[in-house]
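Derivation of every value follows stated rules applied to the coordinates shown; laboratory data play no part. Bear in mind the structure is a predicted one, so any value in this text is a computation, not a measurement. Cβ: placed from backbone, ideal geometry, glycine included. Neighbour counts: every protein chain shown.
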Amino acid sequence: MPEPIPDAAIAAIIAAGHRLDLRNWVPATAGNFSLRLPGGRIAVTRSGVHKGFLGPEHAMVVDGEGLPEDPALRPSAETLLHCGIYRRFPEARAVLHGHSIANTVLSRRAGKAIVLQGYELLKAFPGLPTHDAAVSVPVVPNDQDIARMQRGLERRWGAMAGAGEAIPPGYLIRGHGIYVWAETMDGALARLEALEFMLECELQDWKERER
């Protein structure tokens, strides 16, 4: 019999869903969340569930390859992206994926990255104690083949590391949404909110320039 998901993990996932739903960042059944559990297990939201109405039954467990412990349950279609983050970044313990208007519009117009510079909320990123900095957030192509998308991400992260670039704890999928991660769910929520605030500012700036 599989070990149950800890109550604290379920509560954190449900709370994240309610919080993102209030901001309209997970419309319809969009978005997915996860937490790393002991023993290489991952608690992740099930597929096809509105994140504003999550209950304990809407979280399930997969292994590091995205395989469900209970074959009768279907995890989010993008579970492999969560697994990829946990493999690459040992410090990651929580992953959030959302679909805001700002991240969707800007990622459609961006090149390979969106550069955020001079914002006070850049302090939400590791190693940035001041606003006097810049973060280049990767933008990757959307792909219905999630395993192929993850391979592309791994190549991108490898190239960044090889060039001595810091890999920010987040990326955008073009025309799709955003992924962020942190050491805790609270940390991931704070990082997502900071990033979404800056992207909204960028969107407003773009609208003003287009007038």
If you line up the Cα atoms of the range 83-207 on their principal axes, what length do they span on each, largest first, in Å? 34, 29, 29
Formal net charge of residues neighbouring R209 (Cβ-Cβ distance under 12 Å; K, R +1; D, E -1): -1
Can you find, among L122, A16, A190, the residue farthest towards the positive end of the dipole of the chain? Put +1 on the C-beta of Lys and Arg, -1 on that of Asp and Glu. L122
Separation between Cα centres of the range 168-193 and the range 56-117, rounded to whole Å: 9
Rounded to the nearest 500, what is the 222 nm mean residue ellipticity of the chain from helices alone, with -39500 (n - 2.57) per DSSP H run of 4+ residues and division by all residues? -12000 deg cm²/dmol
Between A190 and A28, what is the label-to-label distance in nm when each label sits 7 Å out along the Cα-to-Cβ direction? 3.4
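What is the gain in length, in nm to one decimal, between A72 and I101 on full extension, counting 0.36 nm per residue of separation less the C-alpha to C-alpha distance?
Details: separation 29, 0.36 × 29 = 10.44 nm, distance 3.37 nm.
Additional length available on full extension: 7.1 nm.
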Would you kindly derive the ³J(HN,Hα) couplings of the range 43-49 from the backbone phi angles with the Karplus curve 6.51 cos²θ - 1.76 cosθ + 1.60 (θ = phi - 60°), listing them in order in whole Hz, with x for Gly and Pro? 8, 9, 5, 6, 6, x, 10
Farthest towards the positive end of the dipole of the chain, among M60, Q150, N32 and with Cβ unit charges of +1 on Lys and Arg and -1 on Asp and Glu, lies the Cα of Q150
Relative to the chain, whose Cα atoms define the longest principal axis, helix 7-22 and its Cα axis are tilted in degrees, nearest 10, by 40
Zone reached by a paramagnetic label modelled 7 Å from A147 Cα along Cα→Cβ, restricted to the range 82-124 with backbone N below 16 Å, covers 82-84
I want the local charge near S100. Using Cβ-Cβ distances under 10 Å, sum +1 for each Lys or Arg and -1 for each Asp or Glu among the other residues. -1
Compute the long axis of helix 146-162 from its Cα atoms, compare it with the longest principal axis of the Cα atoms of the chain, and write down the angle in degrees, 0 to 90, nearest 10. 50
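Which order do the peptides 60-70, 79-89, 111-121 come out in when sorted by mean C-beta neighbours inside 10 angstrom, highest first? Don't skip to the answer; put the middle values down first.
Values: 60-70: 16.2, 79-89: 21.0, 111-121: 14.4.
Ranked by mean Cβ neighbours within 10 Å, highest first: 79-89, 60-70, 111-121.
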